[in-house]
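Below is one structure, written out as structure tokens; the observations come after it.
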Amino acid sequence: MPKTLVARLLPRLRSARAGVTVGLELQPNSLALVAQQQVNGQAQVRHLDVLALTPADNPAQLLKSWVAEHKLTKAGCRVVLGADTYQILLVEPPDVPWEELRHAIRWRLKDLISIPVDQAALEVFALPADGLRSNKKMVYVVACESKKIRFVIDMVREAGLELISIDIGELSLRNLALRLLPPEQAERSIAVVRIRQGAGSIYIYRQGNLYLGRTFSLNYNGGLMDTLPEEALALELQRSLDYYERQMGQAPPAAIYVCGENISQDKIGTVLKASLAPQVKWLDPAEIAHFSAEESDDALVQQCIAALGGALRVDEAA
């Protein structure tokens, strides 16, 4: 099994418990929710929802009502922070023991992050040793305001769930990638592309490790009938692949999976597929989990894709 890497912004609060796990992604104006249960080794999605938020809404109260409605009190909860709530940077670490790194690196971030370093919760995880041709040691640093972490803890607790972990989108999607790559290709890398209104992100993983994450602007409105600007998207993805192969010294990914806001199989057209060497596929959630008929709305599943990845995270053995 590939090693599990988790950007855990606070120590794990509880061990994973048997039964239903709720994945919750904090989106700018909504809460994306997935409740899943492992049955005979397969994820069974029991509930799938997006709770819209207005400025007048109390997120904790909305979440509490949802938990009560679906009889999920005391279920384990894995939170995925929204992309607008944290920063992730690739930096050269100071020469200190790993257990001292999070403290030692804090003051290097003073001019690199948009929040005061003394108000930031930090987590650090390594870029694999072969991640750069120069063999320079680099680490990813995740920074989030401590008060936002406290908000998450209080919200989940008030809703009646048991907080297991707090993750980031880059690594929640990694959990999906691990289930998409056939065992015989375990050594190969895999790319996941997530599309939102006005933007896209590409993440490349190998053996469970995040090698490359990049976000770019994209002229896509996110509607059900909106088409993907395939040529522009292909150009951005090729730029990322070029960096991954030339600067990081890696072989091309086995496949590129595309998911996101109202992304359906028919939007992955021939222009995009023909423009890139790796096979380009729609990320079909049915390849990862079983959905009941009432929970199989493709648009809704795509909106909850990071929450699903969060719910499917497997903790690294102690």
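The values are calculated or read from the model by the stated rules, or taken from the named source; none is laboratory data. Computed from a predicted structure; not experimentally measured. Every residue, glycine among them, receives a Cβ derived from its backbone with ideal geometry; neighbour counts consider all protein chains shown.
Some values worked out for this structure:
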item: Residue count for the range 240-251, restricted to those that are touching a strand residue (DSSP E or B) at 6+ places or on another chain (Cβ under 8 Å) and either in contact (Cβ under 8 Å) with a residue 60 or more places away in the chain or among the basic types (Lys, Arg) (or both); result: 3
item: Residue satisfying all of: in the range 148-178; among the small types (Gly, Ala, Ser) and out of contact with any strand residue (DSSP E or B) (no Cβ under 7 Å at 6 or more places or on another chain); surrounded by the most Cβ atoms within 10 Å (Cβ to Cβ) among these; result: Ala159
item: Residue match in the range 56-65 (condition: closer than 17 Å to Gly213 by Cα and touching a helix residue (DSSP H, G or I) at 6+ places or on another chain (Cβ under 6 Å)); result: no
item: Subset of the range 212-235 [touching a helix residue (DSSP H, G or I) at 6+ places or on another chain (Cβ under 7 Å) and in contact (Cβ under 8 Å) with a residue 60 or more places away in the chain]; result: Gly213, Leu224
item: Index of the failed condition, Ala43 passing every other in (1) modelled with pLDDT of 95 or more; (2) touching a His at 6+ places or on another chain (Cβ under 8 Å); result: (1)
item: Hey, Tyr220 farther than 21 Å from Arg313 by Cα and assigned to a helix (DSSP H, G or I) or not; result: no
item: The listed residue being within 16 Å of the chain's Cα centre (by Cα), in contact (Cβ under 8 Å) with a residue 12 or more places away in the chain and more than 25 Å from Met248 (Cα to Cα), out of Ser146, Ser165; result: Ser165
item: Positions within the range 179-204 being hydrophobic (A, V, I, L, M, F, W, C) and surrounded by fewer than 21 Cβ atoms within 10 Å (Cβ to Cβ), in sequence order; result: Leu180, Ala186, Ala199
item: Criterion: without any contact (Cβ under 8 Å) to a residue 60 or more places away in the chain and crowded, with 19+ Cβ neighbours inside 10 Å - qualifying residue of Val258, Val280; result: Val280
item: Checklist (1) assigned to a strand (DSSP E or B); (2) under 25 Å from Pro97 (Cβ atoms); (3) of a type outside the set (Val, Ile, Thr) applied to Asp130, failing item; result: (1)
item: Single match in Ala293, Ala317, Ala289, Ala299 (criterion: at pLDDT below 95, aliphatic (A, V, I, L, M), within 21 Å of the chain's Cα centre (by Cα) and surrounded by fewer than 12 Cβ atoms within 10 Å (Cβ to Cβ)); result: Ala317
item: 1 or more residues of a type in the set (S, T, N, Q): qualifying strands (runs of 3 or more DSSP E) within the range 237-305; result: 279-282
item: Of all residues in the range 95-131 being farther than 25 Å from Val80 by Cβ and touching a helix residue (DSSP H, G or I) at 6+ places or on another chain (Cβ under 7 Å), the one that is surrounded by the most Cβ atoms within 10 Å (Cβ to Cβ); result: Val96
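Every residue, every condition in (1) at pLDDT 95 or above; (2) among the small types (Gly, Ala, Ser); (3) surrounded by fewer than 19 Cβ atoms within 10 Å (Cβ to Cβ); (4) closer than 21 Å to Glu170 by Cβ, yes or no:
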site	(1), (2), (3), (4)
Leu51	yes, no, yes, no
Val79	yes, no, no, yes
Tyr86	yes, no, no, yes
Pro93	no, no, yes, yes
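So that you can scan it fast, the table gives a plain yes or no per residue for (1) in contact with a Pro (Cβ under 8 Å, 6 or more places away or on another chain); (2) modelled with pLDDT under 90; (3) surrounded by fewer than 21 Cβ atoms within 10 Å (Cβ to Cβ); (4) closer than 30 Å to Gln119 by Cα:
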| residue | (1), (2), (3), (4) |
| --- | --- |
| Ala16 | no, yes, yes, yes |
| Gly23 | no, no, no, yes |
| Ser30 | no, no, yes, yes |
| Leu33 | no, no, no, yes |
| Leu48 | no, no, no, no |
